[in-house]
Amino acid sequence: MWFKALNYQQVFITVIFSEIGLRLAVGVVAFAFLFINLLITRKALVNAARISQQLEEEGVITLYPSPKSQFINYRTLTIASALVSALMAFFLSLAVSGDWVILQKFLNATPFGTSDPIFQKDIGFYFFTLPFYQYIYKLCNWFVLLAAFWVALAYFLAGMVTGDTSKLFQSMDARYHLSALAALFFLIRAWGYRLEQYMLLYSEQGVVYGPGYTDIHANLLAYKIMFILALVVSAAIFVNAFLKRFRLVLYTIGFLVAASLVLNGVYPALMQKLVVLPNEMERERPYIENNIQMTRLAYNLEKIEKKDFPAGRTLTAQDIQENQDTIKNIRLWDYRPLQQTYSQLQEMRTYYEFKDIDVDRYVINGRYRQVMLAARELNVDSLPEQSKTWVNQHLQYTHGYGIAMSPVNEVTGEGLPQFFIKDIPPVSQTNLEVERPEIYFGELTNKYVIVNTRSQEFDYPVGDENALCTYEGKNGVPVGSLFRRLLFAINFRDYKMLLSGDITNESQVLYYRNIKERVLKIAPFLLYDRDPYIVLSGGKLYWLWDAYTVSDMFPYAEPFKGRLNYIRNAVKVVIDAYTGEVTFYAAEPQEPVLKTFQKIFPGMFVPISEMPPDLRSHIRYPEDLFMIQAKKYTVYHMENYRVFYNKEDKWNLPTELFGTKEEPMESYYTIVRLPGEEKPEFIQIMPFTPQNKKNMIAWLAGRSDGDNYGKLLVFEFPKQELVYGPMQIEARINQDTLISQQISLWDQRGSQVIRGNLLVIPIKDALIYVEPLYLQAEQSKMPELRRVIVAHGDQVVMEPTLDLALQRIFGKQEVARPAQSASPGPEGELKTLPKTISELIQEANRLYDEAQNRLKEGDWAGYGSTLQKLKAALEQLAAQAKLKQAE
């Protein structure tokens, strides 16, 4: 019913029938194989029962308890064999639960068009065919081992019945039967050796991931020899059933074991020590080159475009003026302190919650702006205890409401974000309007709700009262009849559904409302990004979520997570926050794994060209994929085998200070105009540093806009010149006397200074570094943006605003000049400075006298704060004087 409500019933049917079909096939084959083997043992058991009965009647032996031959007959044993076979088949069918995808991928395999360098097989063989062969191989082993156990047990019982177990396996029936099973086992094992030679492509024994010299020249040879030996052992066991030479079997099996120890242990170790290690780099050369080539292919690193970026260039005031699109989109708000600020300012009620802060871009009032936004979700677990009734949790409090949105670089006079969209109901200061603010499906919607009941739902608070509403969507599961109600009550383990008088036949049940659970319920075979993000499009709210096709079977490719060593962002998932509709868009329709899933689930994946244009303008280069590629590129930018072997040019991902701790630097989105481009664009950036060094060697950009979506660019600096890395800039900030003193003063006055993300911003052919400082009182959880640190060339400055910091470095900019300058007072409040020259002179004198008085009183914090205000007043005085002179 749930899949049908979302129009994915075909997916459900395919999965269910694949699952049932696989389990049924395994069960039938297992039953047939075991049953046939157990039927063969009936003769021995029946004969043993008759012999024991005769011996007891003649008084030769006495058995306790005495077997009754009438109960040990062919019919009884047939029934017993069927029961045992059915039980084993049932357990085996349970063991293959969830393995339907292996079968379907095998049946719908798609070639890659690229072969591995060792066996020259298409990559699709390793993705779709080899896993199925391994699966069948394991099942065959289980069939034979289970059959051998029950057959041996049957013959053992036959010996027990006659009272003579010494000749247990010397009977013709037992010898032939067990020999046949043993021969079959080693025949299957021979096939296993054939399959294991392909698994050498994932060896972790050499200098790189994948087979090295020893694997190819020793281990591969060993598997080929073991394949032949296993066939010989199988034939020897089969022949021995007629020759009755048991030692022949022991000798052949012993030789197989000894050969395995020598060929898989001693011989490779000797080759590695005597042949490879004396000249390892040259011996491993072709295999290192294979690893480099295949890893770059697995992560799409070969498509990264390399460009040079000059070092040591400095910007001018004109450069800043010409790149205002970049300057006005520098992110001053770090998502971590901003989430606390959002919570304090915009959650409104205890039951509303912002799960996280997302970064996106919109065209706002004709300008391309980077913004931060969050969905205001309803968390029923945060309702007051007395309000946590069944009606409230399942019928009344059903949805969140609206979003909060703010530009990345605008601040109020109090150091708080300047909202574009805020409050309940949503109030917009721009051309963006939220027409459908209800959020029934999100990241915190973990409980089922019932809508379209006799009572209206809570919509949003209005003063001391509440606005009410009725759900208008049609994608829930209709309650319908009393029988359906009973099914829902059993499924949710909630008898109150049966007792509620508010529920009607027209009511709908909304469940699996958490988008992470909802999407995975439909497509569990994809890997998903950690962070789905909220999007406002056409007045409605949607969740966008990046999905990946992955595998652990790409030959020679270095893994990134466990054994996974292949990834593509092949799917974009869109979830309607109001109706819960889920759409899977094929972002890379020619990707082989996705094409296989398209064959398995026809019509499930919609071409990306059919995504609404406004919604499509919000897709972005995924964070997780970007970080995986960045980490791999630190090593696999080296394409020369010598450089790679010696790790001469290995890079690292940089670290930065957040708060007071050194942490790995996170990639970040920003809007910049890339070198050589005409328009600014939304990109993701990650700097690189050399191994064991702190300077910057390059930076990677992932593009998200228009036709450039999905392209990666790496800008490399000249290796012989110094470009400051993030931690070197952090060190320069710490070494700046004025900045470090001011931070220390703030930290001593019951406040906490939070150092935000250090951003490296490319402008033309140079870099500027920007780091925001937030001030948070100990008793408050609302960080305020109080300072912006900017570094460029040899200068490091700290000012109340980004504009003032840029003015100090590059000079006065008419475009960037703020109408007012504000400085924080000693208690954190902001005081607007006068505008006229005479007022500024009076204010400067007053501040000087105040600073001297605080110095005499020993108030060092007040002294430092007053000096900062004096500094700001003098800078504005100088600016006013220049303007007056120009006039």
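For region 695-722, the candidate set comprises residues that are in a loop (DSSP other than H, G, I, E, B) and open to solvent by less than 40 Å² (accessible area, probe 1.4 Å); within that set, the residue that is nearest to residue 363 (Cα to Cα) is 705. A single member of 300, 291 is at positive phi, open to solvent by less than 50 Å² (accessible area, probe 1.4 Å), at pLDDT 95 or above and not charged (D, E, K, R), and it is 300.
So is residue 631 open to solvent by 20 Å² or more (accessible area, probe 1.4 Å) and touching a residue at least 60 places away in the same chain (Cβ under 8 Å) or not? Judged against the criteria, residue 631 is a match.
Checking each residue in region 324-343 for being outside any helix (DSSP H, G or I), out of contact with any helix residue (DSSP H, G or I) (no Cβ under 7 Å at 6 or more places or on another chain) and either open to solvent by less than 10 Å² (accessible area, probe 1.4 Å) or under 16 Å from residue 684 (Cα atoms) (or both) picks out 329, 331, 333, 334. Here residue 568 meets each of (1) open to solvent by 10 Å² or more (accessible area, probe 1.4 Å); (2) in contact (Cβ under 8 Å) with a residue 40 or more places away in the chain; (3) in a loop (DSSP other than H, G, I, E, B) with one exception, condition (3).
Taken as a whole, the structure leaves residue 398 outside the set of residues that are closer than 20 Å to residue 466 by Cβ, without any contact (Cβ under 8 Å) to a residue 40 or more places away in the chain and either within 31 Å of the chain's Cα centre (by Cα) or in a helix (DSSP H, G or I) (or both). The conditions of being touching a strand residue (DSSP E or B) at 6+ places or on another chain (Cβ under 6 Å), outside any strand (DSSP E or B) and small (Gly, Ala, Ser) are not met by residue 731. Please go through region 458-494 and give me each residue that is touching a Ser or Thr at 6+ places or on another chain (Cβ under 6 Å) and closer than 21 Å to residue 390 by Cβ, ordered by number. Selection gives 479 alone.
Residue by residue, here is whether (1) farther than 30 Å from residue 367 by Cβ; (2) surrounded by 15 or more Cβ atoms within 10 Å (Cβ to Cβ); (3) of a type outside the set (A, V, I, L, M, F, W, C) holds:
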{"site": "419", "(1), (2), (3)": "no, yes, no"}
{"site": "440", "(1), (2), (3)": "yes, yes, yes"}
{"site": "458", "(1), (2), (3)": "yes, yes, no"}
{"site": "490", "(1), (2), (3)": "yes, no, no"}
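Somewhere in region 124-131, is a residue open to solvent by less than 50 Å² (accessible area, probe 1.4 Å) and free of Cβ contacts under 8 Å to residues at least 40 places away in the same chain? Yes, there is a match, as at least one residue in region 124-131 is open to solvent by less than 50 Å² (accessible area, probe 1.4 Å) and free of Cβ contacts under 8 Å to residues at least 40 places away in the same chain.
Output yes when any residue across region 142-149 is at pLDDT 95 or above, farther than 22 Å from residue 189 by Cα and in a helix (DSSP H, G or I), and no when none is. No, the conditions are met nowhere in region 142-149. Going by the conditions given, is residue 383 closer than 22 Å to residue 497 by Cβ and in contact with a Gly (Cβ under 7 Å, 6 or more places away or on another chain)? Spelling it out, it is not the case that residue 383 is closer than 22 Å to residue 497 by Cβ and in contact with a Gly (Cβ under 7 Å, 6 or more places away or on another chain).
The criterion of at least 2 residues that are within 40 Å of the chain's Cα centre (by Cα), at pLDDT 90 or above and surrounded by 17 or more Cβ atoms within 10 Å (Cβ to Cβ) is met by the following strands (runs of 3 or more DSSP E) wholly inside region 779-834: 784-792, 795-799. Residue 732 falls short on exactly one of the conditions (1) closer than 15 Å to residue 312 by Cα; (2) surrounded by fewer than 20 Cβ atoms within 10 Å (Cβ to Cβ); (3) touching a Phe, Trp or Tyr at 6+ places or on another chain (Cβ under 8 Å), and that condition is (1). Please work out which residue is surrounded by the most Cβ atoms within 10 Å (Cβ to Cβ), limiting yourself to region 309-323 and to residues that are of a type in the set (S, T, N, Q) and in a helix (DSSP H, G or I). Selected residue: 321. Among the residues of region 511-532, those that are in contact with a Phe, Trp or Tyr (Cβ under 7 Å, 6 or more places away or on another chain) and under 26 Å from residue 405 (Cβ atoms) comprise 513, 515, 518, 519, 528, 529, 532. Taking each residue of region 193-214 that is closer than 19 Å to residue 226 by Cα and in a loop (DSSP other than H, G, I, E, B) and looking for partners that are modelled with pLDDT of 95 or more and open to solvent by 40 Å² or more (accessible area, probe 1.4 Å) with beta-carbon atoms closer than 8 Å, six or more apart or interchain, yields 211/118.
Evaluation of residue 232 against the conditions (1) under 26 Å from residue 143 (Cα atoms); (2) under 40 Å from the mean Cα position of the chain (by Cα) shows that the sole unmet condition is (2). If the condition is being open to solvent by less than 30 Å² (accessible area, probe 1.4 Å), in a loop (DSSP other than H, G, I, E, B) and without any contact (Cβ under 8 Å) to a residue 40 or more places away in the chain, then region 658-694 contributes no residue at all.
The rows are residues; the columns are (1) within 30 Å of residue 205 (Cβ to Cβ); (2) surrounded by fewer than 20 Cβ atoms within 10 Å (Cβ to Cβ).
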position: 506; (1), (2): no, yes
position: 542; (1), (2): no, no
position: 551; (1), (2): yes, no
position: 576; (1), (2): no, yes
position: 592; (1), (2): yes, no
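Identify, please: which residue in region 575-591 is in contact with a Pro (Cβ under 9 Å, 6 or more places away or on another chain) and part of a strand (DSSP E or B) and is, among those, farthest from residue 607 (Cα to Cα)? Among those that are in contact with a Pro (Cβ under 9 Å, 6 or more places away or on another chain) and part of a strand (DSSP E or B), it is 575. Do we find that residue 256 is farther than 30 Å from residue 673 by Cβ and in a helix (DSSP H, G or I) in this structure? Criteria met by residue 256.
The values are calculated or read from the model by the stated rules, or taken from the named source; none is laboratory data. No experiment lies behind these values; they were computed from the predicted model shown. Note: ideal-geometry Cβ built from the backbone for every residue, glycine included; neighbour counts use all protein chains shown. To get the accessible areas, we keep the full protein, side chains included, count just its heavy atoms, and leave off ligands, DNA and RNA. Shrake-Rupley method; radii C 1.70, N 1.55, O 1.52, S 1.80 Å.
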